[in-house]
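Have a look at the structure below before the remarks.
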Amino acid sequence: MEKIGFIGLGRMGKGMASNLRKKGFELMVLDIDPAPVAALVALGAQDGQSVARIAKDCRIVITMLPTALEVEQVALGPEGVFAHAAPGSVLMDMSTIDPLATDRLSAAAQAHGMTLVDAPVGRLAEHADRGESLFMVGASDADFTRVRPLLDAMGTTVYHCGPVGTGERTKLVNNFVAITLTQVNAEALALSQRFGLDLTKTLSVLLGTSANNGQLRMNFPAKVLADDTAPGFTIDLAHKDLGLVMGAAHAEKVPMPVASAVFESYSAARANEFGAKDFSCIADALCDAARIPRARVPKGWKPD
């Protein structure tokens, strides 16, 4: 079994790396925060200590980092992955970044005798904790076969979207829809509140017609409507991803008027200190702005 390096043990990465270790993979880990490193070491992983050491010791290196800046620093720097990894190694980036950065990283990997896989993650942090993530993978057939056991250990659903770069591009399409639906749901809930409607009856109607959507059925009842604002996916990250969506769309000359409007709504939420909360809390941000009582369901309420 190949030794695996895992760089980036944030809210998603820690759960994913933990599942790799629990499934028996030999793991070296690294993060700027020592706490998740210690937690993984307690599970039997090895403290990687530096990017260069991980690159030298591991034939597959996974990155799960906030933005393209961090990914490119880890990959391209003089003490980075490409400078120290053996030919034939694979960098599997699971971050959500600009697809053009993915293209640049793939070209740089090839110049160093390596290959790149982009495998951004679907679903939320609690799914990562339980090993139930969804992955959208851009890779050659050979690399996909090579990394598939790791993906199966971290998740339940794996889609090979095509060659390198298609995973990131699919993720942006997915997140555009998910984040936009969250905005639409929030506006609908605010309007229901202003009308003085019974929220549970309104939700029953919405969930029983073509207005139904996954965010309204699964995420909202478990998060903002239940007064749980702890982030599975933050407003800050949703805002970041919408920026990536618009940048990538503009590069391809695709107008995105809805994305632009939702982006500015999330900008306003961040300005009002909602950035670190779950992205379903865009509903609270809208209700607060309109001075409407926040939408909440009775304790224990579940969708029909």
Any idea which residue in the range 263-293 is nearest to Met218 (Cα to Cα), counting only those that are free of Cβ contacts under 8 Å to residues at least 60 places away in the same chain and in contact with an Asp or Glu (Cβ under 9 Å, 6 or more places away or on another chain)?
Asp278
Within the range 68-89, can one find any residue that is assigned to a strand (DSSP E or B), more than 16 Å from the chain's Cα centre (by Cα) and closer than 24 Å to Asp241 by Cβ?
no
Of the residues in the range 287-304, those that are among the hydrophobic types (A, V, I, L, M, F, W, C), under 13 Å from Glu187 (Cα atoms) and in a loop (DSSP other than H, G, I, E, B) come to Ala290, Ile292, Ala295
Among the residues of the range 23-55, the number that are closer than 23 Å to Asp118 by Cβ and charged (D, E, K, R) is 2
In the range 99-123, anything under 15 Å from the mean Cα position of the chain (by Cα) and either surrounded by fewer than 22 Cβ atoms within 10 Å (Cβ to Cβ) or part of a helix (DSSP H, G or I) (or both) is listed as Pro99, Gly122, Arg123
Could you list, in sequence order, all residues of the range 162-185 that are surrounded by fewer than 21 Cβ atoms within 10 Å (Cβ to Cβ) and under 27 Å from Ser18 (Cβ atoms)?
Thr170, Asn174, Ala178
Output the residues belonging to the range 221-255 that are free of Cβ contacts under 8 Å to residues at least 12 places away in the same chain and either part of a loop (DSSP other than H, G, I, E, B) or buried (at least 19 other Cβ atoms within 10 Å of the Cβ) (or both).
Glu252, Lys253, Val254, Pro255
Run down Gln73, Gln46 and say which single residue is in contact with a strand residue (DSSP E or B) (Cβ under 7 Å, 6 or more places away or on another chain), more than 22 Å from Phe144 (Cα to Cα) and at pLDDT 95 or above.
Gln46
Cβ-Cβ under 6 Å, sequence separation 6+ or interchain: first residue in the range 14-36 and assigned by TED's automatic domain parsing to the domain that holds Leu124 and in contact (Cβ under 8 Å) with a residue 60 or more places away in the chain, partner of a type in the set (A, V, I, L, M, F, W, C) and surrounded by 21 or more Cβ atoms within 10 Å (Cβ to Cβ). Which pairs?
Gly15/Ala128; Met16/Ala128; Met16/Met154; Asn19/Met154; Leu20/Leu27; Phe25/Ile4
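The values are calculated or read from the model by the stated rules, or taken from the named source; none is laboratory data. In this text, all values refer to a predicted model and were calculated from it rather than measured experimentally. Using ideal geometry, Cβ is built from the backbone for each residue, glycine included, and neighbour counts are taken over all protein chains shown.
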